[in-house]
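Have a look at the structure below before the remarks.
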Amino acid sequence: MTSPDLMIQAEGLRKRFGSTQALDGVDLAVPAGTVLGVLGPNGAGKTTAVRILATLLQADSGTALVGGYDVATQPHQVRRTIGLTGQYASVDEDLTGTQNLLLIGQLLGLSSRDGKARAAELLEWFDLGEASSRMAKTYSGGMRRRLDLAASLVGRPAVIFLDEPTTGLDPAKREDMWDVVRNLVDDGSTVLLTTQYLDEADALADEITVIDHGRVIAHDTPDGLKRVIGGQRIVVTPSDRDRLGDVERLLVDVTGHRAVVTGRSELTVPVTDDQVFARVVGRLAADGIGVNELSLHLPSLDEVFMTLTGHGTTDSTHPTHSTEGEAA
C-alpha cells in the first residue's frame, strides 16, 4: 500500500454508526503537493473519512496512512503532520484573535517569539489584523471561520484537511480562501478538501473523488469527470434572432447532431471533436452570421454530480449521522 509519492492513502475504510453504514470500503489517494476534492451529498460519509484520517475517529476496518504514518498505530505522528479545519469554527470565544493563535502555538511547542510572529502573520493573511485584540465572541460568523482556518495553519502542516472550509463565508471571502489554499499548495502542502460547492472543487482540486452512501462512485480530474456526461458542447447565440433557423441548420450540417434551443435565442449542440468548433466559426463567418455568444465548454460539475448520483448535493433523502456530525 505504501507509496512515497502519496501523502494520504486509505484503503477499504469502513465505519458504521448503529444501523447506518457511514463508510463502506472507501479508498483515497492524494499525491504530495496536490488538492483532492471530496464531493458528496449531505450524509455521504465525507466528514467521517476526514475524522478517521485526522485520528479523531477509529475505522471499523481498513487502513490509512497520512504523511507515511498509520492513523491507527501512529496517531501522535499523524497529528504532528496535519492541520484540520472542521465544519464549524472551534475557536475559544473568550480569547482574542491573537490569544487563540498563541494558544495553538504553545500547544505545538513554538517559542513565544515564533508564536507571536506566526499569529501576526496569519491574522494579517486572513484580514483579521484590525480585530486581533478583540475577543472572538465579538467576531462575525465569517470572521470566526477565518480565525479557525488560521488556527489550523499555525504549525505549517504538511497535510491539511479542510472540511467545508468556506461555510459561512460570503462570495468575496470564499475567493480569498481559494487563494489561501492555492498558496498553501504552492508552498508544498497537500490538501484534502471536502465541499458541497461544486465550483469550489472545480476551481481548486487537481483530482476529485465523489462519495455517495459511503462509497466512492467516481474519481478523476475535474475535466475527466465532466466528460462522463457526453463530452463538450458548442453554445451559439446569434445577434440577429431571425437567423436562429440558419444557425440551427448550420450546426446540424457541421456537427451531424441536432441543435437544441436551451434559452432565449441560444442553441447548443454536443461535439466530440475539438476541430468542429473551428469549422463552426468558419461557417458562421462565411454566412455572415453575427453572434452574441459562441463558446465550447465541458458540462458543469453540477451536471456531472446529478448524472452520477441522480440527486443534488443537498438531497434530503440521505441519512445524517449525529454521532459523527456529518453535514457534508
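The values are calculated or read from the model by the stated rules, or taken from the named source; none is laboratory data. None of the values given here were measured: they were computed from a predicted structure. For neighbour counting, all protein chains shown are included, and Cβ atoms are generated from backbone atoms with ideal geometry for every residue, glycine included. Each accessible area value is taken on the protein alone, full model and side chains, heavy atoms only, with ligands, DNA and RNA left out. Shrake-Rupley method; radii C 1.70, N 1.55, O 1.52, S 1.80 Å.
Suppose we filter ARG264, ARG279, ARG243, ARG233 for residues that are of a type in the set (D, E, K, R) and modelled with pLDDT under 80; which single one remains?
ARG264 is the lone residue from the list that is of a type in the set (D, E, K, R) and modelled with pLDDT under 80.
This table checks each residue for (1) closer than 24 Å to VAL38 by Cβ; (2) in a helix (DSSP H, G or I); (3) aromatic (Phe, Trp, Tyr).
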{"site": "ASP92", "(1), (2), (3)": "no, no, no"}
{"site": "GLN99", "(1), (2), (3)": "no, yes, no"}
{"site": "ILE104", "(1), (2), (3)": "no, yes, no"}
{"site": "ALA120", "(1), (2), (3)": "no, yes, no"}
{"site": "GLU124", "(1), (2), (3)": "no, yes, no"}
{"site": "ASP127", "(1), (2), (3)": "no, no, no"}
{"site": "SER133", "(1), (2), (3)": "no, no, no"}
{"site": "ARG145", "(1), (2), (3)": "yes, yes, no"}
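Table: residues versus (1) in contact with a strand residue (DSSP E or B) (Cβ under 8 Å, 6 or more places away or on another chain); (2) within 14 Å of PHE161 (Cα to Cα); (3) free of Cβ contacts under 8 Å to residues at least 40 places away in the same chain.
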{"site": "TYR69", "(1), (2), (3)": "no, no, yes"}
{"site": "ALA72", "(1), (2), (3)": "yes, no, yes"}
{"site": "GLN77", "(1), (2), (3)": "yes, no, yes"}
{"site": "ILE82", "(1), (2), (3)": "yes, yes, no"}
{"site": "ASP92", "(1), (2), (3)": "no, no, no"}
{"site": "THR96", "(1), (2), (3)": "yes, no, no"}
{"site": "ASN100", "(1), (2), (3)": "no, no, no"}
{"site": "GLY105", "(1), (2), (3)": "no, no, no"}
{"site": "LYS116", "(1), (2), (3)": "no, no, yes"}
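Answer yes if at least one residue in segment 195-208 is in contact with a Ser or Thr (Cβ under 6 Å, 6 or more places away or on another chain) and over 20 Å from ALA158 (Cα atoms), and no otherwise.
From segment 195-208, those in contact with a Ser or Thr (Cβ under 6 Å, 6 or more places away or on another chain) are 196, 201, 206-207; that's our starting set.
Then keep just the ones that are over 20 Å from ALA158 (Cα atoms); that gives 196, 201.
Looking through segment 195-208, at least one residue is in contact with a Ser or Thr (Cβ under 6 Å, 6 or more places away or on another chain) and over 20 Å from ALA158 (Cα atoms).
For segment 284-328, enumerate the residues that are at positive phi and either open to solvent by less than 50 Å² (accessible area, probe 1.4 Å) or at pLDDT 85 or above (or both). Outline the logic, then answer.
Looking only at segment 284-328, we keep the residues that are at positive phi, and these are 288, 310, 325.
Once the filter is applied, which keeps residues that are at positive phi and either open to solvent by less than 50 Å² (accessible area, probe 1.4 Å) or at pLDDT 85 or above (or both), segment 284-328 yields GLY288, GLY325.
Can you tell me which residue among ASP199, ASP242 is outside any strand (DSSP E or B), in contact (Cβ under 8 Å) with a residue 24 or more places away in the chain and surrounded by fewer than 16 Cβ atoms within 10 Å (Cβ to Cβ)?
Numbers: ASP242 fails: in contact (Cβ under 8 Å) with a residue 24 or more places away in the chain.
The match here is ASP199.
Would segment 300-311 turn up any residue that is more than 30 Å from ILE160 (Cβ to Cβ) and in contact with a His (Cβ under 9 Å, 6 or more places away or on another chain)?
No, segment 300-311 has no match at all.
Quick grid of which residues meet (1) outside any strand (DSSP E or B); (2) surrounded by fewer than 17 Cβ atoms within 10 Å (Cβ to Cβ); (3) not hydrophobic (A, V, I, L, M, F, W, C):
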{"site": "THR209", "(1), (2), (3)": "no, no, yes"}
{"site": "VAL216", "(1), (2), (3)": "no, no, no"}
{"site": "GLY224", "(1), (2), (3)": "yes, yes, yes"}
{"site": "ARG227", "(1), (2), (3)": "yes, yes, yes"}
{"site": "LEU267", "(1), (2), (3)": "no, no, no"}
{"site": "GLY282", "(1), (2), (3)": "yes, yes, yes"}
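When segment 153-172 is examined, which residues are found to be without any contact (Cβ under 8 Å) to a residue 40 or more places away in the chain, of a type outside the set (Gly, Ala, Ser) and open to solvent by 30 Å² or more (accessible area, probe 1.4 Å)?
ARG156, ASP170, PRO171
Restricting to segment 14-57, name every residue that is in a loop (DSSP other than H, G, I, E, B), over 14 Å from the mean Cα position of the chain (by Cα), touching a residue at least 40 places away in the same chain (Cβ under 8 Å) and farther than 13 Å from GLY214 by Cα.
Answer for segment 14-57, where residues must be in a loop (DSSP other than H, G, I, E, B), over 14 Å from the mean Cα position of the chain (by Cα), touching a residue at least 40 places away in the same chain (Cβ under 8 Å) and farther than 13 Å from GLY214 by Cα: GLY18, ALA32, GLY33, ALA54, LEU57.
Is there a residue in segment 64-86 that is out of contact with any Ser or Thr (no Cβ under 6 Å at 6 or more places or on another chain), in a loop (DSSP other than H, G, I, E, B) and more than 30 Å from LEU103 (Cβ to Cβ)?
no
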